[in-house]
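Let me begin by presenting the structure, written as structure tokens, before commenting on it.
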Amino acid sequence: MKNKTEMNTQAFDDAIEELLSGDLNTNQAQELQQAAASDQAMATAIIDAWTIRRGLDELETEAVPPALEKRLLAIPSQHAPRKQWFAWLKPANWQAGPSWAIGSALAMSLILAIGISRQPNPAEIQQAREDIQVALAYLGKSLNQADQVTRDELSLQVQKILAGQQHRPAQNIEGDTRIEPESIDL
Amino acid sequence: MNNTLQKISLSLTLMLGLLISTAGMAQTNEIKNLAGYVDFGDLTGSYGEPNVEINLGPSMLQFASAIVGDDDPEALAVMKGLKAIRVKIYNIDGNADAAIGQIDKSRKQLEADNWEQIVKVKEDGEQTHIFMKMIDGNIEGMTVLVAGDEDEAIFINIIGNIDPKDLGKITESFNVDVDID
């Protein structure tokens, strides 16, 4: 298998598309995978294509109604399963299950792995703290632009709403008219 | 590199790509599904990319606030109530029309979603709107929408349990030099 720089763009794109669609035969898939293992550009292109495909799948996927899902699962797997691009990962004695189950299991494993292992590095945490500072600064600026509004007044309104009182109009300042806190119609 | 190592290498590379993309999408969807989430629309067509865009989800808030814990338990308690902080700031360069149009859209949607408008200020061409989302006696979110004569349009969405009176606790804790009284 040629590497990315040796293949023309169309052939390269076609090969990736066929790989992700499971349309390559085992030998072709293995060749492409081996080429990708030693060609960073090719590996990156495959990952990008895979990521895009995943995103599109998510956009287009709607939840299957439980009743339909049961019926679908009840269909015996009498038809030969379509060859998957990741078939090369399977041991020779692998008992193939439904492709959706393999995909789901892989996705669930990864999501669990994300939850368990994904830890932001110190730079990301510092960036988050700076983002919080910026957010709070703009929040303060916005409240100041509301002029007479103070956080205690806002809190008072919130507490009254939470206490179940009837909905009140917002504190309303229009034109040059200032409504002092004690005259706010709650 | 032998064949097996090549396979493992490629598998790990593919999984890493999938892991990163899945994590990003999962967090975005998680935030969008929260009751306190507000859709700010997209004003890039009018003003270009936002000058400031902040999207902090629960996990980053948790890590970022851990450092205040020992010194300021009150601030930590406030931070623990937060699920996300989102900010979009556009440079409107004196033309607030698109920003005000978006604010009107957002206001209508918020009202339809039973948000409470607790502040509405229209003064000297400036508009400031503050809404709170409350469900069953709990604060689920707050949003601040500002546009007008200033050069910036401000869209802020704090998702989670945030009482305005507690804002001072976290501004002090994060050393924010802004008087929000």
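The values are calculated or read from the model by the stated rules, or taken from the named source; none is laboratory data. Treat the numbers as computed from the prediction; the structure is a model and nothing was measured. Here the Cβ positions follow ideal geometry from the backbone for every residue, glycine too, while neighbour counts run over all protein chains shown. With ligands, DNA and RNA removed, areas are computed over all heavy atoms of the protein, side chains included. Shrake-Rupley method; radii C 1.70, N 1.55, O 1.52, S 1.80 Å.
Looking at the range B:78-103 only, could you name the residues that are facing chain A (nearest Cβ under 10 Å) and at pLDDT below 90?
B:Met79
Does B:Val176 count as closer than 22 Å to B:Ala84 by Cβ and assigned to a loop (DSSP other than H, G, I, E, B)?
Yes: the conditions hold for B:Val176.
Restricting attention to the range B:70-78, does a residue exist that is at negative phi, part of a strand (DSSP E or B), open to solvent by 50 Å² or more (accessible area, probe 1.4 Å) and not β-branched (Val, Ile, Thr)?
Checked the range B:70-78: no residue is at negative phi, part of a strand (DSSP E or B), open to solvent by 50 Å² or more (accessible area, probe 1.4 Å) and not β-branched (Val, Ile, Thr).
Just give me the residues in the range B:149-173 being touching a strand residue (DSSP E or B) at 6+ places or on another chain (Cβ under 7 Å) and more than 8 Å from chain A (Cβ to nearest Cβ), in sequence order.
Within the range B:149-173, B:Asp149, B:Asp151, B:Glu152, B:Ala153, B:Phe155, B:Asn157, B:Ile159, B:Gly160, B:Asn161, B:Ile162 meet the criteria.
Filtering the range B:46-62 down to residues that are more than 8 Å from every other protein chain (Cβ to nearest Cβ) and under 13 Å from the mean Cα position of the chain (by Cα), which residue is least open to solvent (accessible area, probe 1.4 Å)?
Here the answer is B:Gly57.
When you scan the range A:37-52, how many residues do you find that are open to solvent by less than 30 Å² (accessible area, probe 1.4 Å), facing another protein chain (nearest Cβ under 9 Å) and over 24 Å from the mean Cα position of the chain (by Cα)?
Count: 1.
Criterion first (part of a loop (DSSP other than H, G, I, E, B) and surrounded by fewer than 18 Cβ atoms within 10 Å (Cβ to Cβ)) does B:Asp104 satisfy it?
Working: part of a loop (DSSP other than H, G, I, E, B): no; surrounded by fewer than 18 Cβ atoms within 10 Å (Cβ to Cβ): yes.
No.
With the condition kept exactly as written, say whether any residue in the range B:104-114 is modelled with pLDDT of 90 or more and at positive phi.
Checking the range B:104-114: at least one residue is modelled with pLDDT of 90 or more and at positive phi.
For the range B:116-153, enumerate the residues that are over 19 Å from A:Leu136 (Cα atoms), open to solvent by less than 10 Å² (accessible area, probe 1.4 Å) and touching a residue at least 40 places away in the same chain (Cβ under 8 Å).
B:Gly148
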